[in-house]
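S.K.: Have a look at the structure that comes next, please.
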Amino acid sequence: MKHIIEGKPAQDRSQTAAAVSVRLVEVDADSAGQRLDNFLLRHLKGVPKTHVYRIIRSGEVRINKGRVSAETRVQTGDVVRIPPVRISEKVAEKAERPAPAKDFPALLEDEYMVALSKPAGVAVHGGSGVSFGVIEQMRQARPEAKFLELVHRLDRETSGILLVAKKRSSLINLQDQFRERETGKTYLALVQGIWPANKKVIDAPLHKYLQADGERRVRVTTEDDPDGMRSITLVKVRKLLEPRPMQGLPAMSLLEVTIKTGRTHQIRVHLSSQGHPIVGDDKYGDFDLNRRVQKQGLKRMFLHAWRLQFNHPASGERVELRAELPPELADFVS
């Protein structure tokens, strides 16, 4: 990415606000095809989205000296004018505190992508009360990398396979596969009770909503709900765990769960709706059981992205990756 700087330097941080100088940024091949709003958000760290859209609408952002909309796709060689943007001292200080550098265990890596084994308890990206996640930590650990973007997401408390693209062409290719359901995504989940062997398909629409405190939740809804999204989950029993009366634990089932659609909290809500919530789930689970399993050493939700199948973005070859259960989960079901 070439940066052509013009204008006055940024104001001293001792002032009440910080301003970024006017910049003319030439778009390189890795950024080609990206929406203008997303392109700007990468270049204006810490600037609220509402402000980014405001400077686009006002005409302060230009491509090749012409006015544009947020949906405009930038192309190789375009010159994007990014105006001075004033941000509060607090935001400026936060932007100057980078995420701690960390690389994560790689299951597969080449010049196009890297498949990580994400631990539980780590968000995939910053936001919603989390200042940084996997992608910010990777960018700090790999300063030479020109392009690192999440292909998909995992819940913070879910461990397992996570794909990161190292080229824009790879990102688009892989995200297209996820959207067109050409990938195979199978999770391992431990649920309360004995899962009925004949219950192999859950086809129930899901509805997203906000609680009074603003927290996001999902519930199963009816087919005539205009806001319901069709959601399909396939379930296979891998192992049954006998009750542990001495420890106050009921029978449990270890399931292989394959999702045909990728809705928010889909597995958690679908399994809970059948009367078999995921053990350790603090949103849709059995809170009394969660307390009991914590005393037995299981201090997280038992949901793990175990297997992922996709076509390699460059060769087209079918790839199958597996991330075995982390020790804290494997030990609990051994």
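The values are calculated or read from the model by the stated rules, or taken from the named source; none is laboratory data. This structure is a prediction, so every number in the text was calculated from the model and none was measured. Don't worry about glycine lacking a Cβ; one is built from the backbone with ideal geometry, like all the others, and counts go over all protein chains shown. These area figures cover heavy atoms from the full protein model, side chains too; ligands, DNA and RNA do not enter into them. Shrake-Rupley method; radii C 1.70, N 1.55, O 1.52, S 1.80 Å.
S.K.: Apply the Karplus parameterisation 6.51 cos²θ - 1.76 cosθ + 1.60, with θ equal to phi minus 60°, to every residue of the range 22-37 and state each ³J(HN,Hα) to the nearest whole Hz, in sequence, with x for glycine and proline.
M.R.: Listing the rounded values in order: 4, 10, 10, 10, 8, 6, 9, 4, 5, 9, 4, x, 7, 5, 4, 4 Hz.
S.K.: Which distance in Å, rounded to a whole number, links the C-alpha centroids of the range 112-128 and the range 154-224?
M.R.: So the separation of the two Cα centres works out to 15 Å.
S.K.: Would you work out which of Pro119, Leu254, Leu206 lies farthest towards the positive end of the dipole of the chain, given +1 charges on the beta-carbon of Lys and Arg and -1 on that of Asp and Glu, about the Cα centre?
M.R.: Of Pro119, Leu254, Leu206, it is Leu206.
S.K.: Quick one: which residues, 5 or more positions from Arg244 or on another chain, have an amide H under 5 Å from its amide H? H modelled 1.01 Å from N in the peptide plane, none for Pro or chain starts.
M.R.: Excluding prolines and chain starts, which carry no amide H, the hits are Leu249.
S.K.: Can you tell me the accessible area per residue over the range 186-334, all protein chains present, probe 1.4 angstrom, in square angstrom?
M.R.: Spelled out: the 1.4 Å probe surface of the range 186-334, per residue, equals 51 Å².
S.K.: Determine the dipole magnitude for the chain: charges of +1 sit on the beta-carbon of Lys and Arg, -1 on that of Asp and Glu, nothing else is charged, the reference point is the Cα centre, and the result goes in debye to the nearest 20.
M.R.: 460
S.K.: Same structure, new question: Between Phe287 and Arg153, what length comes free when the chain is fully extended (0.36 nm per residue of separation minus the Cα-Cα distance, one decimal in nm)?
M.R.: 45.7 nm
S.K.: Please list, in order along the range 266-275, the HN-Hα scalar couplings obtained from phi with the Karplus expression 6.51 cos²θ - 1.76 cosθ + 1.60 (θ = phi - 60°), rounded to whole Hz, x for Gly and Pro.
M.R.: In residue order, the calculated couplings are 4, 5, 4, 6, 4, 5, 5, 5, 8, x Hz.
S.K.: A further question follows. Using a 1.4 angstrom probe on heavy atoms only, work out the carbon and sulfur share of the accessible area of the range 197-292 in %.
M.R.: Answer for the range 197-292: carbon and sulfur cover 50 percent of the accessible area.
S.K.: Among the trypsin sites (Lys or Arg not before Pro) within the range 228-297, which fall in a DSSP loop and have no more than 13 other Cβ atoms within 10 Å of their own Cβ? Spell out each step's value before the answer.
M.R.: Working: sites: Arg230, Lys236, Arg238, Lys239, Lys260, Arg263, Arg268, Lys283, Arg291, Arg292, Lys295; in loops: Arg230, Lys260, Arg263, Lys283.
For trypsin sites (Lys or Arg not before Pro) across the range 228-297 that sit outside H, G, I, E and B with at most 13 neighbouring Cβ atoms in 10 Å, the list reads Arg230.
S.K.: Amide H neighbours of Thr158 under 5 Å, counting only residues 5+ apart in sequence or on other chains, H built in-plane at 1.01 Å?
M.R.: For Thr158, the qualifying residues are Gly121.
S.K.: Taking a probe of 1.4 angstrom, what is the accessible area of His43 in Å², to the nearest 10?
M.R.: Accessible area, nearest 10 Å²: 40 Å².
S.K.: So what's the angle, to the nearest 10 degrees on a 0 to 90 scale, between helix 168-179 and the longest Cα principal axis of the chain?
M.R.: 40
S.K.: Along the principal axes of its C-alpha atoms, what lengths does the range 293-334 span, in descending order and rounded to whole Å?
M.R.: Principal extents (largest minus smallest coordinate, Cα): 48, 16, 9 Å.
S.K.: Quick check on my link table: of Lys199/Lys239; Lys65/Lys166; Lys102/Lys295, which ones sit more than 20 Å apart, alpha carbon to alpha carbon?
M.R.: Check vs 20 Å cut-off fails for Lys65/Lys166; Lys102/Lys295.
S.K.: Test of the criteria: in the range 156-219, which GluC sites (Glu not before Pro) are in a DSSP loop and have at most 14 other Cβ atoms within 10 angstrom of their Cβ?
M.R.: On the way: sites: Glu157, Glu180, Glu182, Glu215; in loops: Glu157, Glu180, Glu182, Glu215.
Answer in residue order: Glu180, Glu182, Glu215.
S.K.: Shifting gears a bit: With N denoting the number of residues in the chain, provide Rg(C-alpha) divided by 2.2 N^0.38 Å, to two decimal places.
M.R.: So the Cα radius of gyration is 1.14 times the expected 2.2 N^0.38 Å.
S.K.: If you don't mind, there's one more thing I want to ask. Divide by every residue of the chain the summed helix terms, -39500 (n - 2.57) for each DSSP H run of at least 4, and state the resulting mean residue ellipticity at 222 nm, rounded to the nearest 500 deg cm²/dmol.
M.R.: On the way: 8 runs with 69 residues, N = 334.
After summing the helix terms and dividing by the residues of the chain, the value is -5500 deg cm²/dmol.
S.K.: Using a Gaussian network model on the chain with a 10 Å cutoff between Cα atoms, which of Gly275, Gly66, Gly228 fluctuates the most?
M.R.: For the chain, modelled as a Gaussian network with Cα springs under 10 Å, the answer is Gly66.
S.K.: Do any of Lys260/Lys283; Lys167/Lys299; Lys146/Lys283 go past 27 Å between their Cα atoms, and which?
M.R.: Too far apart for the 27 Å limit: Lys167/Lys299; Lys146/Lys283.
S.K.: So what does Leu234 come to for accessible area, using a 1.4 Å probe and Å² rounded to 10?
M.R.: So the heavy atoms of Leu234 present about 50 Å² to solvent.
S.K.: Here is a further query. Rounded to whole Hz and in sequence order, give me ³J(HN,Hα) for the range 187-193 from the Karplus expression 6.51 cos²θ - 1.76 cosθ + 1.60, θ = phi - 60°, writing x for Gly and Pro.
M.R.: Ordered by residue, 3J(HN,Hα) equals 10, 9, 9, 9, 10, 6, x Hz.
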